[in-house]
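Below: one structure, written as structure tokens.
The values are calculated or read from the model by the stated rules, or taken from the named source; none is laboratory data. Since the model is a prediction, treat every value here as computed from it, not as a measurement. Here the Cβ positions follow ideal geometry from the backbone for every residue, glycine too, while neighbour counts run over all protein chains shown. Note: areas computed on protein heavy atoms with side chains; ligands, DNA, RNA excluded. Shrake-Rupley method; radii C 1.70, N 1.55, O 1.52, S 1.80 Å.
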Amino acid sequence: MKSPEFESVAPARLVPIGVFAALSVLSPLVSAHEDMSKPVITKETKKDKKGKDVPYMYIDGVKVHEVDTSKQALPPVVTPGEGPGAPPSDAIVLFDGSEKAFKENWTDKGGKPSRWKVVDGALESVKKAGYLQSKEKFGSCQLHIEWAAPANVKGEGQGRGNSGVFLMGMYEVQVLDSFENPTYADGQASALYGRKKPLVNASRKPGEWQSYDIVFQRPLFDKDGKVTRRATFTVLHNGVLVQNHSVLSGGTGWDGPHSASEYKAHADKLPLSLQDHGNPVRFRNVWLRELED
């Protein structure tokens, strides 16, 4: 089905996979201060064949430039997507534009078929249909998702093109038409809602496709439910860095007009969710790569 809410536009220019892949190995940040004890680096001096002293360095017990693959294994091969934004070979593709992918991978919050619809190869939010959530559950991950706010502009501030991408169903990267649409800084597009404003506003015009590339490290909790490592986000909005390994200081849930929710212990893996906020926002090309904690 076609909708007059959207323009037919060329795909957004997205950050190349090769550039973004380098971000996917970022180590988790435990506090505001770097742990300088890791990795463990040792040094020694050995004689070469000519009797000359040669320095040797070991990082976590592995010699620098080690060629013995039994001691320093080569990384696995991943084939990049054919073009910018295309899923690499190890990605879990949650939506490829088809009705089949929608029905196989997504439900409403109650686990029943969602009333969201597929329009022109995109998922479109339906007013009062509720959140859309993935059937599969995830923790730390690299997520790629593209979205577009309606070209037919209605409302202002938080009432204009509002939705959200919720990692683990609870940590929100805000979706909003923030093109020449002032609102509070920690509620505009690519904000960690209520917690962290983006570095810049990289929004495209209403109706144009936009991209989020997100590296998310989930929070960790001890047996008593206390946070031992806070969640972190690195976010590129249309290829522009807007969250630079940002530490999430607490939850992003609504807790009144001037307050956000706190951390609450939860499972290691939970569904990815997309928000129905009453605006017909569209999403496409949704894929992710699971990351180690």
Please state the charge dipole magnitude for the range 141-265, taken about the Cα centre, from unit charges on C-beta atoms (+1 on K and R, -1 on D and E), reported in debye and rounded to the nearest 20. 280 debye
Between the alpha carbon centres of the range 61-115 and the range 163-215 the gap in Å comes to 23 Å
If the reach is capped at under 18 angstrom between alpha carbons, list the aspartates and glutamates near Lys100, excluding any in the same chain fewer than eight residues apart. Asp108, Asp120, Glu124, Glu136
For Arg284, Arg218, give me the order by solvent-accessible area with a 1.4 Å probe, most accessible first, ignoring ligands, DNA and RNA. Arg284, Arg218
May I ask for the longest run of the chain untouched by GluC sites (Glu not before Pro) that are loop-located per DSSP and have at most 14 neighbouring C-beta atoms (other than their own) within 10 Å? 181-261
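Go through Val175, Val62 and list them by solvent-accessible area, largest first, probe radius 1.4 Å. Present the calculation step by step, with values, prior to reporting the outcome.
Details: Val175 0, Val62 35 Å².
In descending accessible area the options line up as Val62, Val175.
Which percent of the accessible heavy-atom area of the chain goes to carbon and sulfur, probe 1.4 angstrom? Could you put the intermediate results ahead of the total?
Numbers: 8490 of 15840 Å².
In the chain, the share of accessible area belonging to carbon and sulfur is 54 percent.
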Global form of the range 101-237, assessed from the alpha-carbon gyration tensor, a/c cut-off 1.5: oblate
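To the nearest 20 debye, what is the magnitude of the charge dipole of the range 91-207 about its Cα centre, counting +1 on the Cβ of each Lys and Arg and -1 on the Cβ of each Asp and Glu?
Working: 17 positive and 13 negative charges, 68 e Å.
It works out to roughly 320 debye.
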Among [x] 1.05; [y] 1.03; [z] 0.98, the entry matching Rg/Rh (Cα atoms, Kirkwood Rh) as calculated here is [x]
Skip the ligands, DNA and RNA, and give the accessible area per residue of the chain with a 1.4 Å probe, whole Å². 54 Å²
